[in-house]
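Rule-based calculations on the coordinates, nothing more; no lab input. Keep in mind that this is a model prediction, so the values were computed, not measured. Cβ: placed from backbone, ideal geometry, glycine included. Neighbour counts: every protein chain shown.
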Amino acid sequence: MLRRNEVKRKLAEGGTVHGLFCSTPAPALVEMIGCAGYDFVIIDAEHTLIDPQQLENLIRAAEATGLTAFVRVPPDDPGAILRALDGGALGIVVPHVRSRADVDAAIHAAYYAPVGMRSLGTGRAAGFGRLDPVEYIATANAEIMLIPLIEDVEGVDAIEDILSGGSIDMVLPGPADLSQSYGLPWQLTHPTVRSAVAGLQTACATHNVPFCAIARTPDRYTQWRNAGVRAFSLGDASDLAAAALRHNLTDLTP
């Protein structure tokens, strides 16, 4: 059943939130993220093979530990947005947003009328009919977050237009694909890539839209905090687990 979006509340109250991507479709891993004290998880349904039932169970695992569940859906897929939200997700991360038209299409799919035209249903998110349907759609429209992922040169160039239209709750940069878009694959620290990401943060600050920085080192975290950022993705749980496994083998064996 749809819950209060604590990430949205904390950001509105001036708080700071921390989260992780999760590209391993294992409910236990999602629970670990919640038990570790993170505020949100971004379940990756774009790069990861996740069927709808798996996705629902990943969202349940987040709910069990008070973790706010966002879902990164495939690009240009309103059906995936619908299924994620009907499964109980409290936010949608929309990849490869290049224009305001991409945002408007996501709004149309993610929100009920009069904001959008999300298909009506009385399933899990609506408490299987337990909630008054009119009250539920108003609550859903208030709690759900729409989060564009800017990972293309076109999106960087159009960021002012993207933000000016409103109805965006947070912006995520995608440095990896962005580096490739600039012809610099995996050169994440290249000045061109760094400048583009910094420009996104500046635009978000101008429009009073939360910017979610990706900070994988203490130095980068401090730099973003000093820039006024209050939302952070601290990496991918799968990458952290893989690194821990490698370090364990190296540290414990001669």
A chain fully extended from T192 to A36 at 0.36 nm per residue, minus the present Cα-Cα distance, gains in nm 52.7 nm
On the formula 1/(1 + (r/R0)^6), with r taken between the Cβ atoms of A241 and V153 and R0 of 35 Å, the FRET efficiency rounded to 0.05 is 0.60
Restricting to Cα pairs under 8 Å and 6 or more apart, the percent relative contact order of the chain works out to 19 percent
One finds, for A26 and A113 with R0 = 51 angstrom and r their Cβ-Cβ distance, a FRET efficiency to the nearest 0.05 of 0.90
With +1 on the Cβ of every Lys and Arg and -1 on the Cβ of every Asp and Glu, the dipole magnitude of region 118-254 about its Cα centre, in debye rounded to the nearest 20, is 420 debye
For region 1-128 (alpha-carbon point model, no solvent) the Debye-based log₁₀ I(q)/I(0) at q = 0.18 Å⁻¹ works out to -0.99
Note: A176 to R220 extended length (0.36 nm per residue) minus current alpha-carbon separation gives 14.3 nm
With +1 on the Cβ of every Lys and Arg and -1 on the Cβ of every Asp and Glu, the dipole magnitude of the chain about its Cα centre, in debye rounded to the nearest 20, is 580 debye
With +1 on the Cβ of every Lys and Arg and -1 on the Cβ of every Asp and Glu, the dipole magnitude of region 1-109 about its Cα centre, in debye rounded to the nearest 20, is 320 debye
Semi-axes a, b, c in Å (a largest) for region 142-254, each sqrt of 5 times a Cα gyration tensor eigenvalue, come to 29, 17, 13
Taking the alpha-carbon centre of each part, the distance from region 218-254 to region 63-107 in Å is 25 Å
The farthest towards the positive end of the charge dipole of the chain, of the residues I144, P114, P78, given +1 on Cβ of Lys and Arg and -1 on Cβ of Asp and Glu, is I144
The value for region 74-217 (convex hull of the alpha-carbon atoms, volume per residue, Å³) is 109 Å³
In whole angstrom, the spacing between the Cα centers of region 123-174 and region 1-33 equals 15 Å
The ratio Rg/Rh over the Cα atoms of the chain, Rh being the Kirkwood inverse mean 1/r radius, stands at 0.97
